[in-house]
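Presented below is the structure to which this report refers.
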Amino acid sequence: MTMTDPPSTTATNTASAALQLLLREDPLLLQHGLNSYTDCSTSQDAAYSYAASLLHSSTSDGWMSSSGEYRQRASEALSEVDRKLALVDSLSQRISRDEPEKVAGPLLKLHGFTLNDSTDKEEMTPSALTMTSTREKASRLHRQSTLLTQIASRVEGTLQRGVTRMESSTTRLSRVLELSSTLKMIMRLQFEARKVCSDGALLDWDTSKSRNSNTVDLRDLTRAAASVAIMEELLSHPALSSPNGETIDIVEKLRPGAESVASSVRKAAAGLMLELQNHPTSSSSASLSRLGATLQVYFHLGELHDATWKSVSHALSMAEKASSALFHPGGIQKMKQAVEKEARSLAEEEASRKEQESINTKSGGGASGNATKLDPRQKKKQVDAIYTRLYARKLREKRSALSSKWSTAVADAASRVWNLHRVLVRRNDAVSRRNFLDVVAEKDVPEEFRGAELWMEQRMGAKSSNFSLFSLFWVQFCIGLGGRIQRLLKYDGGSMEGDVASLYPAVRAASLEMVTELYDVMQMGLSSLEDVASFYSSSGGGAAAAAGVMGGSACLEESVFLGTVGLLEEDESNTADGAAGGFFGGNSADAWTHDGDASFGVDASQNEGARSGGSASASHSSTLAVFSSPEWIALQGGRGGEVTMGLLPLQTSFLKESKKRLFAPLEYMFPEAVSVDEDGNAQKVLPTLPSRYDLAKLDTNIREELSLADPRMGGGDLTMTTMISGTVVDMLHEFCNSARRAISEVDQDRVVDPRTGSASEPMKHNLRVANVISTLATFVRNAPENTFVTPYRPAQSPQHEEASHSCSVALLPALQEMEGLVKTSILNPLCYALNLRINAAIAKMHRGIYLSETADAETTSFVQLHLTDHFEQIANAYLANLPAEYASIVASTIATFSIYSFVSNAALIRPLGESARLRLTQDLADFEMALEQFVFKGGTSSLSQITDGKPYAELRAVRQILYWNMLDDKTLSPAEVARSLLREVWVKDFRPSTLFHFLFSFAPNLLSSPHHFKRMDAGEYVGTLVKLDGSIEDGEASAWMTCMACCDAYQQRESVDGRITDGDRRISAILMILGPELRRRRDFNAQ
């Protein structure tokens, strides 16, 4: 230790550490300057000096001063530690009482909080307020608040007096304004009453006195309707009809007159609407013009929605009344009774007339004794036959007449709704510019048409923006019609279902005519708008401008949107209609604001396309367009096929009854036969086949059902041919099922008798089944022409020709099913059995017939000896007994198989010398001639037409390959020989297997033939190449694999024994070159 160091005693160090810890824990000591001894005076307590000396114990500043009292003081302070601690404790308590946050400061810092403490003593000096100053401030604030309260009360009083004066003024002003408004309404009421009262005599219109609506001036009626609407609105105003009983005398005086005028206007409008509904020519231009004026009246009255739906409901009731008259049990029974009575009387008259004519004819020569009358039994049969014919004809005529009457009534109701829809679509109010159809569409559809609305929403997915009044009417009518027909079909337990179903042909024909006429009317009505647009555009708007400015819009003229420009005569009604809203002679209210061509050409056409959704086409509707129209689809039950809508229940019942009539004879077709042996045991035998009479009965039934689609014979429509043909197809399908059960299943080895070559008994039975099916197929094939064309010859009708063609196309699936049944179950087993015998006969050529030593000795060719008799026997025993269409199938199949089998067997002949080639050439000629005769007997014209001529082309090419001599040149390499062979024209006609097998005839003995390699007979090997049905594609791949195996075996043998003296050693290499190329060419041609 040096002299400059402070004393370093244990007590000093302990005290210094304790005070430093105290300073770290209590920062207030630093704030109060207790850490510096320089700030302390000599009179201060020794503890402060001691604390300062302890704080500076680590430094030498001030320690070696000239004065030595600091050491002394430090020594004395050691005894005063307890007193220092007591002072510090009292200081901390005083600070805790005055400023507790100062004590919590270290704790807050310890937990992460920051205190904005300043070490500046001058800034930390608190500004303490005394109680006196606080009281002075409080008293001063009290005086200020009292003054402000007095000022606020004076201001509030002033404002309240101003508000009271303003309320009084506004009350007086509101009374003045209310009185002024009441006076204005009274004056307007007097004005409107004065207008209608001057023309009140014209509005006294009574339907019981006068049925002619021309007596009503539509101009006065329209003006009166507008005035009535205003008067009713004014009279219903609370100011003119006080609920407390107070009344206005002048208003009460005007009220009876206004009510009388309103009643007269409504009475006149109702009379006009009723007359238009009952008018026989509701589609005339004058009627449509008056309808537009009447709707204008209802628009002014605010009753357009109710009046429109009332008119539609009236049309719907008319259509349903017509439907109830046709589809009613009592009506149908009365119709049958009347027809029976009329037919009976006519039959008796005709029978009496014929009998009298017969008597006169026999007695004409003077031999009156020879003239005899018919006995009662013969006469009754004659009368019954005549009655049956007349009854069917009269019943058909009566059904057609009733159906025509029904369709006329429905068409009339539908045309009225369509005309109403047209007027609503094209009519706008001249003042408010609101479209009438939009006004009707704003409110809900009546409950009566809610079903149609739901049906349309379901079909369209959501509520359509194109509101169509006619569509709702038509769908609701179809729904009601379907329900009525369904109830009629179930009437009395379905006892009248047959009579009701027989109405369908006539009803369908009448419906198609009705929808066609409606479609034409709708299309012509839509097209007139574009025609008139071009008229106004070409005139440069002059026609619209000449109309003036006080009437309706020129685009709303009846002559414009009804397509009657320049076709109407000036009369009183047209003149009156003109002032009622712009019809015919009316003036355009907006002619001065819109150009005629622009207003019409753009707005009107767009509105029409948006609301009605129709196409503007002036051409007449075609049948296809009618069938795709929404009206026809809904009438037929919709695309979903709802059972309770439209004519679908009637159509379903008609098809059901038609199937019953067609399926009835099938019950007796192909019955199971049973025989009894000597012991009385029942034995199952082959089924009994239908006779020609049974088939003729089927043909008659088919033609009778198809004739229902003939308007002349069945009263129906030619478009029903496809639908009725569907039931015929179902009947023929069931017939094929019965015939399939009647066909006997024969094993392949039992089809042909192996000794005689004739057919076995089960096969003969199957051939008779084929004849039955062929006869019926002929009847079905000729039925369309015999039904629709033959009865009208020599006259020719394109409609009947088209119906015959449609029927033939519809019956085609049944004919294909019948042909497929015969071919699969009868002809194919027969052809397989016959081809087996032919293949066995052709395989005999490998028994040494073409050897050199036997070629000269034989005089008869192989074909004449083994094959010609087979073909003759097949032609006489099978082809002659089969129908022409089936005989051609058998002949083609056998001929195809015979050619391929003969060529394949001939290619396997080995060795093939010069004499064998000549013999084979002769056999090829004989074989071709025998097949030509065979095919001719089968009905096929020529061999060149069988299977696209491919078998015949290969047969002809065999002659060319027999004399191919490129192998004679030993200097040519295998590749050159292969290329020369591929260049030959006739190579494309051969199968690859034929060329491969033919080249084996030139090969050495070490190169085994394919059938020898597979250890098979030549005929058996050919059977793997050519199937029994004449197909050849499956055997080509296996033939090439066999040839490659033979070549591989030959290469191995040649490597062992190189001494080859016979044959051409190049054949193996030639085959390996030719094979891939020939296969590639065949695959390419197959694509």
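The values are calculated or read from the model by the stated rules, or taken from the named source; none is laboratory data. Model, not experiment: these values are computed from the prediction. Cβ coordinates were reconstructed from backbone atoms using ideal geometry, including for glycine residues, and neighbour counts include every protein chain displayed.
The single condition among (1) within 31 Å of the chain's Cα centre (by Cα); (2) part of a loop (DSSP other than H, G, I, E, B) that residue 804 does not satisfy is (2). The C-beta contact set for the range 852-879 (first residue within 20 Å of residue 919 (Cα to Cα) and at pLDDT below 80, second residue outside any loop (DSSP other than H, G, I, E, B) and not hydrophobic (A, V, I, L, M, F, W, C), distance under 7 angstrom, 6+ apart or interchain) comprises 852/915; 855/915; 855/919; 856/915.
Within the range 760-813, the only residue that satisfies the criterion of being closer than 28 Å to residue 831 by Cβ and of a type in the set (Phe, Trp, Tyr) is 779. The residue pairs whose first member lies in the range 706-719 and is charged (D, E, K, R), whose second member is in a loop (DSSP other than H, G, I, E, B) and surrounded by fewer than 22 Cβ atoms within 10 Å (Cβ to Cβ), and whose beta carbons are closer than 7 Å, counting only pairs six or more residues apart or on different chains, are 717/711. Within the range 723-751, if we keep just the residues that are exposed (fewer than 15 other Cβ atoms within 10 Å of the Cβ) and polar (S, T, N, Q), the residue that is farthest from residue 662 (Cα to Cα) turns out to be 748.
Which of the residues belonging to the range 647-690 are modelled with pLDDT under 90, surrounded by fewer than 14 Cβ atoms within 10 Å (Cβ to Cβ) and either part of a helix (DSSP H, G or I) or out of contact with any strand residue (DSSP E or B) (no Cβ under 7 Å at 6 or more places or on another chain) (or both)? Answer for the range 647-690, where residues must be modelled with pLDDT under 90, surrounded by fewer than 14 Cβ atoms within 10 Å (Cβ to Cβ) and either part of a helix (DSSP H, G or I) or out of contact with any strand residue (DSSP E or B) (no Cβ under 7 Å at 6 or more places or on another chain) (or both): 667, 668, 671, 672, 673, 678, 679, 680, 681, 688. Residues that are touching a Leu at 6+ places or on another chain (Cβ under 9 Å) and assigned to a loop (DSSP other than H, G, I, E, B) within the range 901-920 comprise 909, 911, 912, 913, listed in sequence order. When each of 873, 933 is tested for being in contact with a helix residue (DSSP H, G or I) (Cβ under 9 Å, 6 or more places away or on another chain) and in a helix (DSSP H, G or I), the lone residue that passes is 933. Against the numbered list (1) crowded, with 21+ Cβ neighbours inside 10 Å; (2) outside any helix (DSSP H, G or I), residue 754 comes up short only at (1).
Counting the residues of the range 1017-1043 that are exposed (fewer than 15 other Cβ atoms within 10 Å of the Cβ) and not small (Gly, Ala, Ser) gives 6. Could you check the range 204-256 and list, in sequence order, the residues that are at pLDDT 75 or above, surrounded by fewer than 14 Cβ atoms within 10 Å (Cβ to Cβ) and among the β-branched types (Val, Ile, Thr)? Once the filter is applied, which keeps residues that are at pLDDT 75 or above, surrounded by fewer than 14 Cβ atoms within 10 Å (Cβ to Cβ) and among the β-branched types (Val, Ile, Thr), the range 204-256 yields 247, 250. If you check 1065, 1081 for being among the basic types (Lys, Arg) and under 27 Å from residue 846 (Cα atoms), only one passes: 1065.
Scoring residue 1014 on the criteria (1) in contact (Cβ under 8 Å) with a residue 40 or more places away in the chain; (2) closer than 21 Å to residue 909 by Cβ leaves a single failure, condition (1). The set of residues in the range 764-789 being hydrophobic (A, V, I, L, M, F, W, C) and part of a helix (DSSP H, G or I) consists of 767, 769, 770, 772, 773, 776, 777, 779, 780, 783, 788.
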